[in-house]
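Dropping a structure here in structure tokens format, bear with me for questions.
Read the figures in this text as sums done on the coordinates, not as results from a lab. Computed from a predicted structure; not experimentally measured. So basically every Cβ, Gly included, is an ideal-geometry build from the backbone, and we count neighbours across all protein chains shown.
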Amino acid sequence: MIATAVAHPNIALIKYWGKRDEALNLPAAGSLSLTLAGLATTTTVEFDPALETDQINLDGHQLDPTSRPARRITAFLDLIRTPARIEARARVTSINDFPTAAGLASSASGFAALALAASQAAGLDLSPEELSALARQGSGSAARSIFGGFCEMKPGQRPDGQDAHAVPIADQNHWDLRCLIALTTRGEKKIDSTSGMNHTSQTSPFFQPFIDTVAPDIREAKKAIFSKDFAQLTRIAERSCLRMHASAIAADPGVIYWNGQTLEVVHALREAREEGLQAFFTIDAGPHVKIFCPGDALNEVRTFLKDLPGVHDVLTASPGPGAWLQT
Ligand code: DP6
């Protein structure tokens, strides 16, 4: 009745932004990501019949059971208790070794680790695809952190969402890319991705046009990944990111995740690229900038970022494995 799992965050190169079903958390389109080593969530789940409510401890803080994050986790655990025929409440302890809620997709590694630890503690024997579909119900991007390396999220077609899960496309050793995360603020983000994407889908005239770009972008990005064509991946990943943000900015009222430093980094990076720096950017639902480069350009890119005004810190990650159980 107890298990510990580790999962890594992932960064989308082709963005997920918008749902076709909110209750089952089904994405409106696919997405494509790289799972990262070097940053991790470690989660232990123990079902204990002596408990009256789920006891959830995140990064050393005990959550109030009536708070929104606690209710989200309890609802997720219910998705496991029901098929496992377990009534017991759970003790959940989760630790991130990187800043939570800073646009670093801690919900991705968080729900991936929780899905694996809780399903194992409950005695459910799930395939990786079933685990991915389960993690998706906690957070869409978590479906991708079940797998390592590059993976593609399938939006699925079934109303029950069973076919809405990630699939691996190239393992962590396929291509020696690095991801540097340039932190442009120390604060927490103000509009979480769920609210931002729902508001975009409800009010932005650019939402459907963005969705229409996703499938062709995934096809082209896969080709670039298979042939390790960095220049081509640069073009496709930056345009997917900017189109996602364009749809959010065009919502009513517009959702702007960037701060001044975010744009400074983007402009400086594009200028440095003109001078030969091999790197591209992507940005999620927060102001930090994630920069991808080939492994042999790492030192040059790191020096470039450290010298930029407004960059507080730089985290470095490489392609990582999928979620795994700690024994
Ligand atoms: C901008 O997976 O956090 O990072 O499914 O509502 O939990 P929910 O959303 P979430 O959204 C991630 C959005 C993104 C892009 C991406 O990771 O694809």
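If you line up the long axis of helix 207-226 against the longest principal axis of the chain, both from Cα atoms, how many degrees apart are they, to the nearest 10?
That works out to roughly 80 degrees.
Post the alpha-carbon centroid distance, segment 302-321 to segment 153-228, in whole angstrom.
Measuring centre to centre over Cα atoms gives 22 Å.
Which of the lysines could a cross-linker bridge to residue 306, judged by Cα under 22 Å and excluding same-chain residues fewer than eight apart?
List returned: 290.
Also, quick follow-up: Specify whether the C-alpha gyration tensor of segment 233-327 places it in the rounded, prolate or oblate class, a ≥ b ≥ c being the square roots of the eigenvalues: rounded for a/c under 1.5, otherwise prolate if a/b is larger than b/c and oblate if not. If you can, show how the numbers build up before the last one.
On the way: a/c = 1.66, a/b = 1.14, b/c = 1.46.
Oblate shape, in that a/c is at least 1.5 and b/c is the bigger or equal ratio.
Alpha carbon centre of segment 247-299 versus segment 65-79: separation in Å?
34 Å
For segment 19-82, just say rounded, prolate or oblate: build the C-alpha gyration tensor, square-root its eigenvalues into a ≥ b ≥ c, call rounded for a/c under 1.5, and beyond that prolate if a/b exceeds b/c, oblate if not.
It is oblate, given that a/c is not under 1.5 and a/b is not larger than b/c.
Counting Lys and Arg as +1 and Asp and Glu as -1, what is the net charge of the other residues whose Cβ lies under 12 Å from the Cβ of residue 139?
On the way: positive: 19, 72, 136, 144; negative: 192.
Here the charged neighbours net out to +3.
How do 66, 43, 194, 53 rank when sorted from fewest to most other Cβ atoms within 10 Å of their own Cβ? The partial results should precede the final answer.
Details: 66 8, 43 27, 194 16, 53 11.
Listing 66, 43, 194, 53 from fewest to most nearby Cβ atoms yields 66, 53, 194, 43.
Also: Taking the number of other C-beta atoms within 10 Å as the exposure measure, put 1, 197 in order starting with the fewest. The partial results should precede the final answer.
Details: 1 14, 197 27.
Ascending number of Cβ neighbours within 10 Å: 1, 197.
Could you please rank 235, 136, placing first whichever residue has the fewest other Cβ atoms within 10 Å of its Cβ? Spell out each step's value before the answer.
Working: 235 15, 136 27.
In order of increasing Cβ crowding within 10 Å: 235, 136.
With everything on Cα atoms, drop me the angle between helix 230-249 and the longest principal axis of the chain, reported from 0 to 90° to the nearest 10.
Taking the Cα atoms of the chain, the angle to 230-249 is about 70 degrees.
Quick one: length gained pulling residue 228 to residue 306 fully straight, 0.36 nm per residue minus the C-alpha distance? Could you put the intermediate results ahead of the total?
Numbers: separation 78, 0.36 × 78 = 28.08 nm, distance 2.70 nm.
Result: 25.4 nm gained on full extension.
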